[in-house]
Amino acid sequence: MICAGDISASIEHPLLERVTVLANDRVATGVGLIALHAPRVAARIEPGQFVHLRIARGSSFLLRRPFSVHLAGGERIEILYQVLGEGTRALAARAPGEEMDVIGPLGRGWTVPDGAAHALLVAGGLGAAPMGMLVARLADLGVAASVALGAPTKERLVALDVFEAHARRVVLATDDGSAGEHGFVTAPAGRLLAEDRPDVVYACGPEVMERAVARMAADAGVPCQVSLERLMACGIGACLSCVVATRSGQKRACCDGPVFDAKEVLWDASEVPPRH
Amino acid sequence: MPPKSPRDTDRHHEQGSRTGPDVESSVTDNQTGTVDLRVKVAGIELRNPVMSASGTFASGFEYAAFVEPSRLGALVTKGVSLEPWAGNASPRIAETASGMLNSIGLQNPGVEVFIARDLAWLSTWDVPVVVNVSGHSVEEYVAVVERLDAEVGIDALEVNISCPNVDAGGMAFGTDCSSAAEVTRRVRAVTGKPLIVKLSPNVTDIAEIARAVEAEGADAVSLINTLLGMAIDAHSFKPKLARAVGGLSGPAIKPVALRMVWQVSRAVGIPVIGMGGIMTGEDAVEFMLAGASAVAVGTANFVDPTATLRVIDGIVAFCREHGIARASELTGALRG
C-alpha cells in the first residue's frame, strides 16, 4: 500500500548493505551491544531510525529483526539488544569478523522542534536503545537534556554512560530499588517534567510507560514523541504487519514510524483496530 | 531479450533515477545470455517466469529501491476490495520453523484509491500488472472486477478465493467446488481480461477445485495460498496471533505446494502459476518441473527484498548448467 504523500515525497530509499561484526559484548544482564562496520548506513542514519538485520542464513528462523541504532559514528553503528528469543540468541553468538546484512536506515526517527532549549528523555529498559543517538544529537544542537532512565534492576540498566556524557541531568529508577529511586521511571519523569519545563518529551519503553508519559506530557501541554515497537516482517512498508492506529488512520511502524507524535496515537485501538 | 512492451519503455528510467536499485549485495544484471526466459501465461507474454506473490510486494513501490518492477515477469499486487478494509487486530504475524504465519486480513484502501494511487504509479513501469481481487461476497468480487476491467493498465486479474484471514468470503469460496465455480463464472461474465484464480491448499482435493474453475473459464490457476495454521505462546497460555489462526507461508510449505502444483497441472489444461516457499532459483525450477508455467515469490521478499532477482538469476544459472535453451522447457519436465 502506498501511503498518501509517499510518491511525490523525495524519500531517501533504504540501502541493503553487507556489514561486518566489529565487537559483540554483554553489557547488562540479558543485554548485548553489537558494533557493526556499516559505512553506508552509518553515514545516513538519523536518531531514532532503525535497521533490519538478517542475523543468520540457513537457520530455521527466516525473518529479519528490526533494531534501532543506539549510536553511529564514522563507519560504525552500534545496536543494543535484549536476548529474548531464537533470533537474539543467534545475534549474541555472532563473533567479530563475521558478516551479516542490514537494510537501512529505515523509518522516521525523532525530530527536534525548532527553538527547543530543553528536552526530557524517558527510557524504560531497552527503550534507551534508540535514545543514544538522540541525546548525542541534542548535545550537538545545544539542547539541554534531562533523562529519566528506568529498569527492573540495577544490573539491567543500560546506556547510562551515554546519557551521562551528553545529558545535563540523569535520574534513575529501578523496580526493586537496587539503583536510583525505587519504582517505575514514570515517577521521576513526572517530576522532571514539572521542574525542568522541557519544550519536548521523548519516550521509549514498554507501551504502558509510553502511554503514561504521553498523558503527563499532554497534561503539561508539552509535545511528546514516542517510539513504538511492533512485530515486522518486511520492514519497508509492504507487509502491513506493524500497523499502528492513529488519529489519521492506520500507519505502519516501519515507515510512518517508529517514532510518532504521541497525541496522534490511539493507544487502545493500536492493539485492537476496528474489525471489518 | 525481453519483449518490447507497447508501453513506453523509457519512462521507467526517469523513475529509476529516484528509486533505482541501490543494492550492494551480489545481485547481478539479469544477463540472460542464450537462455530464453520468456513464458506465456493466461495469454500474457512474460519476460521471465518470476512474479511477485500477492500480499508480499504491495504494489511494488516499497520494493522499487531494490527491484525495478520492469525486471519481473509480472507484478502481482496485494488484494484489493471494493471498499477500504481495516485488516485484523495485532499481532498479525508469528514466526514459525522455516516459515511464518500471517493474519493481516487483506487490509487495503479499496479499489478507487488503488486505481488512483497504486495503479497510476505502476503504469509508469514496463511490467505486466496482475491485480489481485478480494471480496466478502460474490457480488463484491464482481463489482471489483467490473471496476478494474475498465482500466487499461491492468494485464490480468487474479481472483483470491483462498485467503484464510477474513471472516466472510475469502477462503470460503475456494474450499468448495460449487462456490469456486460460481465466483469464477460471475467474474468471467464481466471481464475480458485474462483471469487467474488463486486456489486454497486447505482442501481435500485441490485438483477438483482447479477443474471446476477451469470449466467456468479461468485462464490460469495460481497455487498455493497459505496453509491455515496456528502458533501458541506457552508462557502466556495465548495464541501468538490476535486472531488465533493465520496463514502459513515460507519454505515450511514448499513440499505441500509442490505436491499440489504437480496434482493440479496433471488435472487441468490451463497454465499453473506455482508458489509456496520459493527462496531460490532452484526452488522455482522444481515448481516448473512439477508443472508450473510461471512462479511467484512471496515470503522470501520479506527476508531479502532482492529475492525475485536472485530467483531469476538462479533460473538462468540452472538452465545454463543443464544446457536448457528456453525456461519454458522446464514446465512439466519432471521425469518418471
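The values are calculated or read from the model by the stated rules, or taken from the named source; none is laboratory data. Since the model is a prediction, treat every value here as computed from it, not as a measurement. With ideal geometry, Cβ positions are generated from the backbone for all residues, glycine too; neighbour counts draw on all protein chains shown. Heavy atoms of the whole protein, side chains included, go into the accessibility calculation; ligands, DNA and RNA do not. Shrake-Rupley method; radii C 1.70, N 1.55, O 1.52, S 1.80 Å.
Filter the trypsin sites (Lys or Arg not before Pro) in the range A:151-182 down to the DSSP loop ones having no more than 14 other Cβ atoms within 10 Å, then list what survives.
Sites meeting the loop and neighbour criteria: A:Arg168.
Which Rg and Dmax, in Å, describe the Cα atoms of the range B:226-270?
According to the Cα coordinates of the range B:226-270, Rg and Dmax are 15.3, 50 Å.
Pop out the carbon and sulfur fraction of the accessible area of chain B as a percent, whole number, probe 1.4 Å.
With neighbouring chains kept in place, the figure for chain B is 52 percent.
Let me know the volume per residue of the alpha-carbon convex hull for the range B:42-135, in Å³.
Considering the Cα atoms of the range B:42-135, their hull volume per residue is 127 Å³.
Based on Cα positions only, what radius of gyration and what Dmax would you give for the range A:102-163, in angstroms?
Every Cα atom of the range A:102-163 included, Rg and Dmax give 12.7, 37 Å.
Among A:Gly257, A:Gly177, A:Gly74, determine the one that fluctuates most according to a GNM of chain A built with springs between C-alpha atoms less than 10 Å apart.
A:Gly74
If you take all C-alpha pairs in the protein assembly as shown, what percent of them are over 44 Å apart?
More than 44 Å apart: 21 percent of the Cα pairs in the protein assembly as shown.
Which is farthest toward the positive dipole end of the protein assembly as shown among B:Ser293, A:Ala194, A:Trp110, measuring Cα position about the Cα centre, with Cβ charges +1 (Lys, Arg) and -1 (Asp, Glu)?
The residue sitting farthest along the positive end of the dipole is B:Ser293.
Report, to the nearest whole %, how much of the accessible area of chain A belongs to carbon and sulfur atoms, 1.4 Å probe, protein only.
52
Compute accessible area for the range B:35-69 by itself and then with all protein chains, 1.4 Å probe, and report residues whose area falls by 20 Å² or more.
B:Ala58, B:Phe61, B:Glu62, B:Tyr63, B:Ala65, B:Phe66
Taking amide hydrogens as modeled 1.01 Å from N in the peptide plane, which residues meet the under 5 Å criterion relative to A:Cys224, leaving out close sequence neighbours?
Here the answer is A:Val201, A:Ala262, A:Lys263, since their amide H atoms fall under 5 Å of that of A:Cys224.
For the range A:142-224, take N as its residue count and report Rg(C-alpha) divided by 2.2 N^0.38 Å.
Rounded to two decimals, the normalised Rg is 1.03.
Please pull out the direction-averaged projected area of the range B:9-330, using the convex hull of its alpha-carbon atoms, in nm² to one decimal place.
Directional mean of the projected Cα hull area for the range B:9-330 stands at 15.8 nm².
Based on alpha-carbon positions alone, could you give the equivalent ellipsoid semi-axes of the range B:218-336 from the gyration tensor, as √(5λ), descending, whole Å?
The three semi-axes for the range B:218-336 are 30, 17, 11 Å.
At the nearest 100 Å², what buried accessible area, both sides summed, do you get for A and B when the probe is 1.4 Å?
That pair of chains buries around 4100 Å² in total.
Can you pick out the pairs among B:Lys193/B:Lys240; B:Lys40/B:Lys198; B:Lys40/B:Lys78; A:Lys251/B:Lys254 whose Cα atoms lie more than 29 Å from each other?
Result: B:Lys193/B:Lys240; A:Lys251/B:Lys254 exceed 29 Å.
Taking all pairs of distinct Cα atoms, average 1/r, flip it, and tell me the Kirkwood hydrodynamic radius of the range A:186-258 in Å to one decimal place.
Roughly 13.3 Å, rounded to one decimal.
Considering only protein heavy atoms, what per residue accessible area in square angstrom results for the range B:9-330 with a 1.4 angstrom probe?
With all protein chains present, the range B:9-330 gives 33 Å² per residue.
So between A:Ala93 and A:Arg169, what do we pick up on full extension, going 0.36 nm a residue minus the alpha carbon distance?
Here the answer is 23.8 nm.
Please get the size of the charge dipole for the range A:15-106, origin at its Cα centre, with Cβ charges of +1 on Lys and Arg and -1 on Asp and Glu, quoted in debye to the nearest 20.
Dipole size: approximately 180 debye.
What fraction of the Cα pairs in the range A:15-106, stated in percent, has a spacing above 19 angstrom?
Summing the P(r) tail past 19 Å for the range A:15-106 gives 30 percent.
Using Stokes-Einstein with the Kirkwood hydrodynamic radius over Cα pairs, what translational diffusion coefficient do you get for chain A at 37 °C and a viscosity of 0.692 mPa s, in µm²/s rounded to a whole number?
Value of D from the Cα-based Kirkwood radius: 173 µm²/s.
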